[in-house]
Every structure is written in structure tokens, then in C-alpha cells.
Amino acid sequence: MALRVYLVEDDDLTKKHLVYSLSREISIEWVGVADTEVEANDWLRGNPTGWDILIVDLFLREGTGAGVLRHCQQHAANQDVLVMTNHPISSLATHCRLLGANAVFDKSTEMGDLIAYCLGRATHTAAANTQRLPQ
């Protein structure tokens, strides 16, 4: 079963890199991509259970990733919210976690960690689905 990922990122190069890197490692269903806070919140409002992982860039051309985090604070326990930022100061990471982020990654040094997180989540999801199959 593919991991359903929704991406909120305004930089085309980062988008392409992330889509390529994750798709190469994991079975991914890219359920959508947004460039702005409004676009992301509109999609999330209409698809509250339509994703397993939400990857959010903290700084967007229009709006902020923090606004997206606020919008999805009540996400289900089986949904993960991951934040990417070029400004990984500890107070910012703490703020993101208080808004419901499961993890915060530095775009310049921790993209491999973000991919590893998603790989771990995919492995966990696959194992859980295998346990539910009738014998």
C-alpha cells in the first residue's frame, strides 16, 4: 500500500528533489501539492483523511507553514505532519511541535533524515496492514 503524501512547498527545485528522492525509496501516492497556505488549507479541509504524511515548508511565498500547521492541529493519530525549514533554530522547532508537527527538518542538512522518517513510516504502515490481513 502506497504512503499518501501531501506536499506544501513553493520552491520548484525543492519540490522536484523531494518528489524524486521519496518516490525512489518508497511507494508513494502523491495526493497533492500546494504552493500557498490558502491552497493547502483548502485541500486539507476537503480531504481530512486523504493523507498519511503532510510535508510542509515553513516559509511560503504566500502565507506560512505555521498557518497550515494551525489548520491541521486536529489531524488523526495515524497522520504525520513534517516541517522543512531553512531556519532550524530551536525556538522555531519548538513552536512547530506545539502546533502539532511530529518532526522538524533542516532543508540544508536533514533531507536524508526526512526521507528516513518517511521510510520508517512506510515500513510501519506496511507491517500494520500485513497484520490485519486474514490468514
I'm trying to understand the selection: among the residues of the range 1-30, which are farther than 20 Å from residue 120 by Cβ and either within 13 Å of the chain's Cα centre (by Cα) or charged (D, E, K, R) (or both)?
8, 9, 10, 11, 12, 15, 16
When you go through 37, 62 one by one, which is the residue that is in contact with a Gly (Cβ under 7 Å, 6 or more places away or on another chain) and of a type in the set (D, E, K, R)?
37
Among the residues of the range 25-44 satisfying the criterion of being touching a helix residue (DSSP H, G or I) at 6+ places or on another chain (Cβ under 9 Å) and open to solvent by 60 Å² or more (accessible area, probe 1.4 Å), which is nearest to residue 65 (Cα to Cα)?
38
Which count do you get for residues in the range 87-109 that are open to solvent by 60 Å² or more (accessible area, probe 1.4 Å) and either part of a helix (DSSP H, G or I) or closer than 12 Å to residue 55 by Cα (or both)?
7
Scanning the range 1-15 for residues that are within 14 Å of residue 84 (Cβ to Cβ) and in a helix (DSSP H, G or I), the one most open to solvent (accessible area, probe 1.4 Å) turns out to be 13
Mind checking which pairs have a first residue in the range 1-21 that is closer than 16 Å to residue 32 by Cβ and in contact (Cβ under 8 Å) with a residue 12 or more places away in the chain and a second that is of a type in the set (Phe, Trp, Tyr) and open to solvent by less than 20 Å² (accessible area, probe 1.4 Å), Cβ under 9 Å, 6 or more apart or different chains?
4/51; 5/51; 6/51
Looking at the range 54-63 only, could you name the residues that are modelled with pLDDT of 95 or more and more than 18 Å from residue 16 (Cβ to Cβ)?
54, 62, 63
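I'd like the full set of residues that are assigned to a helix (DSSP H, G or I), open to solvent by less than 40 Å² (accessible area, probe 1.4 Å) and out of contact with any strand residue (DSSP E or B) (no Cβ under 6 Å at 6 or more places or on another chain), limited to the range 45-86.
66, 67, 69
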Please verify whether the range 24-37 includes one or more residues that are in contact with a Lys or Arg (Cβ under 9 Å, 6 or more places away or on another chain), without any contact (Cβ under 8 Å) to a residue 60 or more places away in the chain and polar (S, T, N, Q).
yes
Between residues in the range 110-135 that are among the hydrophobic types (A, V, I, L, M, F, W, C) and open to solvent by less than 50 Å² (accessible area, probe 1.4 Å) and residues that are part of a helix (DSSP H, G or I) and modelled with pLDDT under 90, which pairs lie under 7 Å by C-beta distance while being six or more apart or on different chains?
115/25
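The values are calculated or read from the model by the stated rules, or taken from the named source; none is laboratory data. Because the structure is a prediction, the values reported are computed rather than measured. Heads up, the Cβs are rebuilt from the backbone with ideal geometry, glycines too, and the neighbour counts pull from every protein chain shown. Keep in mind that these areas ignore ligands, DNA and RNA; they rest on the heavy atoms of the full protein, side chains included. Shrake-Rupley method; radii C 1.70, N 1.55, O 1.52, S 1.80 Å.
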